[in-house]
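See below for the structure under consideration.
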Amino acid sequence: MKKLYIILFLIAGTLVSCIKEDTTANVSRITNYPIITVNGPSFLIVNEGSNYVDAGAVSTEDGNEIETITSFGNGTYFGTPGVDTSTPDQYLITYSAQNADGFSGSALREVWVAPPAGDLKTSISGLYTSSVQRAPLFAPSAKYNDLEFVFIIQTGANTYKLSHAIGGYYGMGRGYGPGYIAAGAVITANDIATNDFTISQATFPIWGNTVDVSEFTVDSGTKTITFTGNGNFGNGTFKVQLKQVEL
């Protein structure tokens, strides 16, 4: 009989352990994340001095429109607030929204304000794509070809600002961003026809390393500019080819 009692006890305990209260009943729910639709193109180039009116964006939650918050950041390379068409730069506009459960979403518009395209005889101003090869091999690579974009902005009768003193190798080619662009070089065009230029030193905002620009050569026939950026670090020589963008 002792064996029978023990067996019955074990069976009863097993049955009790399998019966549990369902604590998750009626607590599941669905959340609909914000869907943000940018009105018009999400990437565009406008000419310096033109009129720009942002088309905005529409945010919805489960098909119902909700509030969209629009944020205008400073220019990426020269720091001017908002989208200022009097100042060439890359401007990013962020559209964000939040659903009823506190979940957020965002979308982006990229606006490039392009300086006037110089004829490369009397002016080198313009928006350029860039291709870069680095020491020691200077081997071409698709990763560093046709990078978008390099600015040359006229600031005086014969002076210009160069946005990328090594053509955007790190900032655009490697995707590190504007902290790695070797900024601040000022070009003085003593005589464009004879490729006589004086160029001040550029600096990486993040590292503090410097770059000296040399062999700056303009070809008005092909609408190209070539130069060498010499950084004060290992394998720090970069050969850059700029191609003027036709708008």
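The values are calculated or read from the model by the stated rules, or taken from the named source; none is laboratory data. Not measured: the values here are computed from a predicted model. Every residue, glycine as well, gets a Cβ built from its backbone with ideal geometry; the counts of neighbours run over all protein chains shown.
Among the residues of segment 29-42, is there at least one that is of a type in the set (S, T, Y), at pLDDT 95 or above and assigned to a loop (DSSP other than H, G, I, E, B)? It would help to see each step written out before you state the result.
Taking segment 29-42 as the starting set, the residues that turn out to be of a type in the set (S, T, Y) are 31, 33, 37, 42.
After this cut, where a residue has to be at pLDDT 95 or above as well, the list is 37, 42.
Among the residues that remain, those that are also assigned to a loop (DSSP other than H, G, I, E, B) are: 42.
Within segment 29-42 (the criterion being of a type in the set (S, T, Y), at pLDDT 95 or above and assigned to a loop (DSSP other than H, G, I, E, B)), the answer is yes, since at least one residue qualifies.
Considering segment 169-223, the residues that are hydroxyl-bearing (S, T, Y) and in contact (Cβ under 8 Å) with a residue 60 or more places away in the chain include one that is nearest to T159 (Cα to Cα), namely S220.
Here is the figure for segment 93-131: residues that are assigned to a loop (DSSP other than H, G, I, E, B) and within 29 Å of T60 (Cβ to Cβ) total 5.
Working only within segment 43-92, note down all residues that are surrounded by 12 or more Cβ atoms within 10 Å (Cβ to Cβ), among the polar types (S, T, N, Q) and outside any loop (DSSP other than H, G, I, E, B). Answer for segment 43-92, where residues must be surrounded by 12 or more Cβ atoms within 10 Å (Cβ to Cβ), among the polar types (S, T, N, Q) and outside any loop (DSSP other than H, G, I, E, B): N47, S59, T60, T70, Q90. Evaluating A117 against the criteria (1) among the aliphatic types (A, V, I, L, M); (2) touching a residue at least 24 places away in the same chain (Cβ under 8 Å); (3) over 28 Å from L92 (Cα atoms) leaves one unmet condition, (3). Hey, any hits in segment 121-136 for a residue that's without any contact (Cβ under 8 Å) to a residue 24 or more places away in the chain and farther than 16 Å from Q244 by Cα? No, segment 121-136 contains no residue that is without any contact (Cβ under 8 Å) to a residue 24 or more places away in the chain and farther than 16 Å from Q244 by Cα. In summary, I93 fulfils each of the numbered conditions (1) outside the structural domain of L108 (by TED's automatic domain parsing); (2) modelled with pLDDT of 95 or more with the single exception of condition (1).
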